[in-house]
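J.: Quick one: structure below, then a few questions.
Read the figures in this text as sums done on the coordinates, not as results from a lab. What you see is a predicted model, and the numbers here were worked out from it, not measured in a lab. Cβ placement follows ideal geometry from the backbone for every residue including glycine, while neighbour counts extend to all protein chains displayed.
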Amino acid sequence: MSDLVNEVLGRGSSTGSVDDAFSSTQIKIVTAGFGGAGNNIVNRLLKAGVKGTEFVAVNTDAQHFKIIDDRIKKVLIGKTITRGLGAGGDPTIGMKAAEVDRHLIEETFAGTQLVFLCAGMGGGTGTGSIRVAAQIAKEQGAIVVAMVTYPFDLERIRKAKAEDGIQQLRKYCDSVIILDNNALVRLVPNLPMNDAFALADEVLAKAIGGLVWTITQPSLINIDFADVRAILGGGDVGFIAVGMGKGTDKVSSAAEGVLKNKLLDVDFEGAKGAIVHISGGASLTIGDAIKAGEIITDRMDPSANVKWGARLIPGYDEQLEIVAIVTGVKGSSIVGKLEERKESAFGGIEMIG
């Protein structure tokens with residue numbers, strides 16, 4: 001437990017090390033959270049120090065905005081439907097709320113090249129509205145990546161709603177990255193609940209922050225929009241994993257940490273694509289970066305599309321941090337259920353309520 005917590009929530013977060021000089025005048029990136037859980041995610045991402053993206057909170061519950069940082073743009077949807085009181089756990093209401101105020105979402109994503117959508121799947125507002133937002137962002141020409149959480153096993157009704165919602169989301173997203181709450185139970189069973197959720201959000205912060213940085217800022221090795229579109233395209237399901245190493249064995253330690261610390265119960269074997277982001281100090285070499293990438297991608301499909309970026313961070317001299325976004329995965333019970341639902345007849349806009 002302590003290894004994962006120290007790696008992700010501990011000192012030297014790559015997102016926090018980015019200073020306020022970050023600027024990106026030519027590329028517009030929006031990170032939007034939907035519903036209570038999604039709003040909380042973008043709130044934590046902002047506090048984690050992620051730069052280079054505009055943050056937006058979308059909700060049907062006006063009260064929830066009171067705990068969201070004022071630097072985050074707030075969009076209240078469905079006022080004529082919910083009167084600002086929330087969707088009551090019904091994804092259909094969340095969807096209708098987004099449709100009624102579709103113009104507000106269109107204005108939010110106007111001129112955006114890359115959109116990250118965040119939500120806790122299985123509730124009402126997030127599950128229902130995020131699909132509409134994905135469709136809008138896609139129609140406007142953006143690369144659309146959803147990063148969503150999947151409910152605990154004991155939340156049976158929420159799981160059914162989440163699976164239908166994720167399957168709908170896949171129709172419009174370039175990729176859907178799933179963070180399974182049940183993986184938190186396996187990896188950090190004794191961690192207080194709020195810290196466990198903070199852990200998941202910090203993983204998102206590292207993934208989004210690292211990707212935004214290497215796309216928009218000069219790095220040791222850059223990833224561009226074509227790379228992102230090529231790997232995250234096609235609506236594949238994926239996951240995030242993180243690892244950190246220190247000292248003389250930092251490369252293999254960080255890579256092994258990535259293989260161990262996955263927030264979805266899948267294996268790297270047979271995966272179709274990966275974006276591997278490596279952060280290190282001035283001593284980071286091309287050889288180290290390649291070695292780390294080789295360890296992580298060894299069991300992936302031989303024809304997998306792998307891109308990796310690397311950047312140097314002051315103070316990282318004796319440590320290496322790796323964040324991997326892996327797509328086209330198999331072997332998870334969640335992925336299996338999604339594939340079963342792919343051929344189901346629910347495919348319209350209505351979801352299980």
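J.: From the mean inverse distance of alpha carbon pairs (Kirkwood) and the Cα radius of gyration, derive Rg over Rh for the range 177-274. Kindly include the intermediate steps, with their values, before the conclusion.
T.: Working: Rg = 14.7 Å, Rh = 15.0 Å.
My calculation puts Rg/Rh at 0.98.
J.: How would you rank 191-197, 265-271, highest first, on the average number of other Cβ atoms within 10 Å across their residues?
T.: Values: 191-197: 13.3, 265-271: 18.3.
In decreasing order of mean packing, 191-197, 265-271 become 265-271, 191-197.
J.: Nothing charged except the Cβ atoms of Lys and Arg (+1) and of Asp and Glu (-1): what's the magnitude of the dipole of the chain about its Cα centre? Round to the nearest 20 debye. Walk me through the numbers on the way to the answer.
T.: Numbers: 37 positive and 42 negative charges, 140 e Å.
In total the dipole reaches around 680 debye.
J.: Go through Gly245, Gly86, Thr216 and say which Cα lies farthest out towards the positive end of the charge dipole of the chain; charges sit on Cβ, +1 for Lys and Arg, -1 for Asp and Glu.
T.: Gly86
J.: How much of the DSSP bridge set in the chain is antiparallel, in percent, rounded to the nearest 5? Write down the numbers at each step before the final one.
T.: Details: 20 of 59 bridges.
In the chain, DSSP labels about 35 percent of beta bridges as antiparallel.
J.: Further question on the same structure: Which of these, Gly245, Gly94, Gly315, has the largest mean-square fluctuation under a Gaussian network model of the chain (Cα springs below 10 Å)?
T.: Gly315
J.: Once fully extended, how much extra length lies between Met193 and Asp153, figured as 0.36 nm per residue of separation less the alpha-carbon to alpha-carbon distance? Display every interim value, and only then the final one.
T.: Details: separation 40, 0.36 × 40 = 14.40 nm, distance 1.53 nm.
Result: 12.9 nm gained on full extension.
J.: Right, another one. Two decimals is fine: what is log10 I(q)/I(0) at q = 0.30 Å⁻¹ for the range 26-79, from a Debye sum with one equal scatterer on every Cα and no solvent?
T.: -1.23
J.: Could you please tell me the mean projected area of the C-alpha convex hull for the chain, averaged over all directions and given in square nanometres to one decimal?
T.: So the mean shadow area of the Cα hull is 16.0 nm².
J.: I've got another one for you. Specify the inter-centroid distance of the range 153-215 and the range 31-73, based on alpha-carbon positions, in whole Å.
T.: 16 Å
J.: Residue by residue through the range 300-306, which ³J(HN,Hα) values in whole Hz follow from phi under the Karplus form 6.51 cos²θ - 1.76 cosθ + 1.60 (θ = phi - 60°), with glycine and proline marked x?
T.: 6, 3, x, 9, 4, 8, 10
J.: Where does the charge balance sit around Arg83 when Lys and Arg score +1, Asp and Glu -1, over other residues with C-beta under 14 Å from its C-beta? Could you put the intermediate results ahead of the total?
T.: Values: positive: Lys79, Lys96; negative: Asp61, Asp101.
Result for the local shell: 0.
J.: Work from the charge dipole of the chain (Cβ charges, +1 for Lys and Arg, -1 for Asp and Glu, about the Cα centre) and give the residue of Met121, Ile77, Ala32 farthest towards its positive end.
T.: Ile77
J.: For the chain, what is the mean residue ellipticity at 222 nm derived from helices alone (per DSSP H run of n ≥ 4: -39500 (n - 2.57); sum divided by total residues; nearest 500 deg cm²/dmol)?
T.: On the way: 13 runs with 146 residues, N = 353.
-12500 deg cm²/dmol, from helical runs alone.
J.: Mind jotting down the three principal axis lengths of the range 239-335 based on Cα atoms? Whole angstrom, largest first.
T.: 40, 23, 18
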